1. Name every residue in segment A:182-232 that is farther than 26 Å from A:Arg144 by Cβ and either away from DNA strand C (no atom under 16 Å from the Cβ) or not small (Gly, Ala, Ser) (or both), in order of residue number.
2. Between a residue in segment A:203-219 that is under 18 Å from A:Gly141 (Cβ atoms) and any residue that is among the charged types (D, E, K, R) and assigned to a loop (DSSP other than H, G, I, E, B), which pairs come within a Cβ distance under 9 Å, given they are 6 or more apart or on different chains?
3. Between a first residue in segment A:4-28 that is assigned by TED's automatic domain parsing to the domain that holds A:Val71 and basic (Lys, Arg) and a second residue that is surrounded by 15 or more Cβ atoms within 10 Å (Cβ to Cβ) and outside any loop (DSSP other than H, G, I, E, B), which pairs have beta carbons less than 6 Å apart while being 6 or more apart in sequence or on different chains?
4. Can you confirm whether A:Ala197 is of a type in the set (Gly, Ala, Ser) and over 19 Å from A:Arg55 (Cβ atoms)?
5. Could you check, for segment A:42-55, whether at least one of its residues is of a type in the set (Asp, Glu), surrounded by fewer than 20 Cβ atoms within 10 Å (Cβ to Cβ), more than 13 Å from A:Leu13 (Cβ to Cβ) and without any contact (Cβ under 8 Å) to a residue 40 or more places away in the chain?
6. Here's a check for you: in segment A:190-203, which residue that is assigned to a helix (DSSP H, G or I), surrounded by 16 or more Cβ atoms within 10 Å (Cβ to Cβ) and of a type in the set (A, V, I, L, M) is nearest to DNA strand B (Cβ to nearest atom)?
7. Is segment A:157-178 home to any residue that is away from DNA strand C (no atom under 16 Å from the Cβ) and aliphatic (A, V, I, L, M)?
Amino acid sequence: PELPEVETIRRTLAVKLAGRTLTGATVFYSGAIAHPAPEQFVAGLRDARVQGLRRRGKYLLIDLSSARTLVVHFRMTGRLVFHPRPASPAPHTHLVIDLDGGGQLHFVDSRKFGRLWLWPTAALGGDGPLARLGREPLEDGFTREFLRVELGRRRGKIKPLLLDQTLIAGLGNIYADEALHLAGLHPEKPACDLSPAEIGRLHRAIGRVLQDGIEHNGTTLRDYRDGTDTAGRHQEYLRVHRRPACPVCGAAIRRKRVGGRGTHYCPCCQKEESGHGD
DNA sequence: AGTGCAACCCGAACGC
DNA sequence: TGCGTTCGGGTTGCAC
């Protein structure tokens, strides 16, 4: 999941977890617990009340009354699903958290890449898992000016830069492809070669594809589910990612490896040289 | 600084 | 149908 999916998980779980207390937890795969050691992690969850849910980039933050925050990163296939009654764990369930009132939270991740942390809330800005994250693309700090300055001093290809979480926090492979198509930019264009007009288009496109993704409750290509185990709808609106033809000009979408990632773009609307014709 | 690659894991898709 | 190969919604670390 990328930013829109994590935001959807946050919203769907916030409704279910508001004011509830964690009464215990069982770890089935200790590799999923990044910090602290599994025993302390479980002990630290007990009797903590949920204060609220936040999101930072692709991380979900569950603030607890114990002045600590449960931090979740889903990587490729992670899910966090609320069950109103105790439920038998689905395959690949690595952690079950019990809630007062009989509910449960199941962390499920077939690929075992996802991780959880229990971290002092006040220290999250310092040395925690969020320490190196860049700007939030849907908040005020993500300005056109910020993009202009940062891209202007990098010679690398634009797409891998969009995926750099220390620059912009939350874009992943799907929404990076979508934003570049919406902006009419070739994914391999050097960042410092973007014109002011292109930077403006890219800035607007990033905000737009993320907002649209949130509006459609995220993209379910295969694994993604929200906090109520419901699939998203944004896959029906994708422009280039894993699509056969460009919705603008009808040209066949091209697929290429850029920065080690499968990249989809329209050879007609996203030319290496100009783009839209500024 | 930029780029490529292996590693972490597993299931699904693909090729024959 | 069956089997081996490739690939991937992500991130990190390391070598060149």
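1. A:Asn217, A:Thr220, A:Leu221, A:Arg222, A:Asp223, A:Tyr224, A:Arg225, A:Asp226, A:Thr228, A:Asp229, A:Thr230
2. Once the first residue is under 18 Å from A:Gly141 (Cβ atoms) and sits in segment A:203-219, its partners that are among the charged types (D, E, K, R) and assigned to a loop (DSSP other than H, G, I, E, B) give A:Leu210/A:Glu2.
3. Close Cβ pairs satisfying both conditions: A:Arg10/A:Leu53; A:Arg10/A:Arg55; A:Arg10/A:Leu60; A:Lys16/A:Phe82; A:Arg20/A:Val50; A:Arg20/A:Leu99.
4. Working: of a type in the set (Gly, Ala, Ser): yes; over 19 Å from A:Arg55 (Cβ atoms): yes.
Taking the combined requirement at face value, the residue satisfies it.
5. Kept after step one, since they are of a type in the set (Asp, Glu), are these residues of segment A:42-55: A:47.
Okay, now just the ones that are also surrounded by fewer than 20 Cβ atoms within 10 Å (Cβ to Cβ), so A:47.
Right, trim to more than 13 Å from A:Leu13 (Cβ to Cβ) and you get A:47.
Filter once more, keeping what is without any contact (Cβ under 8 Å) to a residue 40 or more places away in the chain: A:47.
Among the residues of segment A:42-55, at least one is of a type in the set (Asp, Glu), surrounded by fewer than 20 Cβ atoms within 10 Å (Cβ to Cβ), more than 13 Å from A:Leu13 (Cβ to Cβ) and without any contact (Cβ under 8 Å) to a residue 40 or more places away in the chain, which makes the answer yes.
6. Here is the first cut: in segment A:190-203, the residues assigned to a helix (DSSP H, G or I) are A:191-193, A:196-203.
Of the ones still in play, those that are also surrounded by 16 or more Cβ atoms within 10 Å (Cβ to Cβ) are A:191, A:198-203.
Now narrow it down to the ones that are of a type in the set (A, V, I, L, M): A:191, A:199, A:202.
Numbers: A:Ala191: 7, A:Ile199: 16, A:Leu202: 17 Å.
Among those residues, the one meeting the criterion is A:Ala191.
7. Of segment A:157-178, the ones away from DNA strand C (no atom under 16 Å from the Cβ) are none.
No: zero hits.
Residue-by-condition table, conditions (1) more than 16 Å from DNA strand B (Cβ to nearest atom); (2) outside any loop (DSSP other than H, G, I, E, B); (3) within 29 Å of A:Ile97 (Cα to Cα):
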{"site": "A:Ala205", "(1), (2), (3)": "yes, yes, no"}
{"site": "A:Ile214", "(1), (2), (3)": "yes, yes, yes"}
{"site": "A:Gly218", "(1), (2), (3)": "yes, no, yes"}
{"site": "A:Arg222", "(1), (2), (3)": "no, no, yes"}
{"site": "A:Thr228", "(1), (2), (3)": "yes, no, yes"}
{"site": "A:Gln235", "(1), (2), (3)": "no, yes, no"}
{"site": "A:Arg255", "(1), (2), (3)": "no, yes, no"}
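The values are calculated or read from the model by the stated rules, or taken from the named source; none is laboratory data. As the structure is a computational prediction, the values presented were derived from the model and not from experiment. Heads up, the Cβs are rebuilt from the backbone with ideal geometry, glycines too, and the neighbour counts pull from every protein chain shown.
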